[in-house]
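The values are calculated or read from the model by the stated rules, or taken from the named source; none is laboratory data. These figures come from a predicted structure and were not determined experimentally. When we count neighbours, we look across all protein chains shown, and the Cβ atoms used for this are built from the backbone with ideal geometry, even at glycine.
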Amino acid sequence: MCGRYALAKDPAGLAEEFDARDATDGALDTPEYNVAPTLTIPGVVDRHPRDDDGTPDPSAVERSVRAMRWGLVPSWAKDLSVGNRLINARAESLTEKPAFRRAAASRRCLVPADGWYEWLRDGKHKTPYFMTFRADSDLAGHSLALAGLWETWRPEKGADPLVSTTIVTTDSAGPLTEVHHRMPLVIPAARWAEWLDPDNDDPTDLLAPSEEILAAIEMRQVSSKVNNVRNHGAELVEEVHEVPEQQGLDLEAVNPS
DNA sequence: CCAGACGTTGTT
DNA sequence: GTCTGG
DNA sequence: CCAGACGTTGTT
DNA sequence: GTCTGG
């Protein structure tokens, strides 16, 4: 699945990478190697620009990076906490579920990440792994563009809207099944515009993992320091080999070469 | 009709 | 807001 | 996702 | 065990 990830790039760097305007307004804390649900994170969106009256111009589209709270708060929510459990949306059902279908049809976004974490458990012990683009792949150094949905929510009529987001998950594929049976949907750059298109109300064709992306991802064991959200540093994504006999996940065998 | 949910994950 | 269940 | 709380009363 | 907070 995807309940924790890392992001080193700042909003200006993301704006450049995604060819977007930086509209995050200083709301983000970056770098952050331990991004957890409820934090404010950057999301990339395509929107029709609006004039002073709020009327959208259907002939134009503007791409921007925006600050969003991780955990989708539907427009009908009574309070913010509804979003705490809506941190992921299943690709298999997001066009049907009441909480997600409106966003799925017209408010899709990309959530940039350096990689995401999964945990293997052995009784009480939890061993974290980090999934990222292989250093020797063409995609090394690029962000993973995680598929997301976004919504606005107002605590009361007329109040400033809160923008929130959820990350789309699919069944795992390939070597990634070794660490977990669900994974985030990563959109290849060639299909970003199609995913973000606010006039495309049927994302069905985009909901399967890309082979190109799967082949570029590696997994590595990392420090259990990432388990605790109070740790934030770059050392969280560095490879470690702690007590390997407790886990027996053979990374030589599962990483593609 | 009204009331209540609206979601995913993991674990057994 | 909209759908489902009673 | 994981970690950590989970509660009230009375006293200072 | 289950919920909340980060």
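Out of the residues in segment A:80-108 that are of a type outside the set (A, V, I, L, M, F, W, C) and in a strand (DSSP E or B), which is surrounded by the most Cβ atoms within 10 Å (Cβ to Cβ)? Here the answer is A:R108. Scanning segment A:19-38 for residues that are free of Cβ contacts under 8 Å to residues at least 40 places away in the same chain and either out of contact with any Gly (no Cβ under 9 Å at 6 or more places or on another chain) or of a type in the set (D, E) (or both), which turns out nearest to DNA strand C (Cβ to nearest atom)? Within segment A:19-38, the match that is nearest to DNA strand C (Cβ to nearest atom) is A:L28. Only one of the numbered conditions (1) of a type outside the set (F, W, Y); (2) without any contact (Cβ under 8 Å) to a residue 40 or more places away in the chain; (3) away from DNA strand B (no atom under 15 Å from the Cβ) is violated by A:V82, and that is (3).
Of the residues that make up segment A:72-79, is at least one within 16 Å of DNA strand C (Cβ to nearest atom) and of a type in the set (V, I, T)? Looking through segment A:72-79, at least one residue is within 16 Å of DNA strand C (Cβ to nearest atom) and of a type in the set (V, I, T).
Residues in segment A:28-43 that are within 16 Å of DNA strand B (Cβ to nearest atom), within 9 Å of A:R69 (Cα to Cα) and within 12 Å of the chain's Cα centre (by Cα): A:P37 only.
Which residues, taken from segment A:55-86, are β-branched (V, I, T) and under 21 Å from A:W192 (Cα atoms)? Quick ask: steps written out before the conclusion?
The initial filter retains those residues of segment A:55-86 that are β-branched (V, I, T), namely A:55, A:61, A:65, A:73, A:82.
Listed by number, the residues that qualify are A:V61, A:V65.
Scanning segment A:73-81 finds no residues that are of a type in the set (F, W, Y) and closer than 19 Å to A:V186 by Cβ.
Is it the case that segment A:179-195 has a residue that's acidic (D, E) and at pLDDT below 95? Reasoning before the result, please.
Just the residues of segment A:179-195 that are acidic (D, E), to begin with: A:194.
In the following step, the residues that additionally are at pLDDT below 95 were identified as none.
For segment A:179-195, residues acidic (D, E) and at pLDDT below 95: absent.
Here is the figure for segment A:34-58: residues that are within 16 Å of DNA strand E (Cβ to nearest atom) and assigned to a strand (DSSP E or B) total 4.
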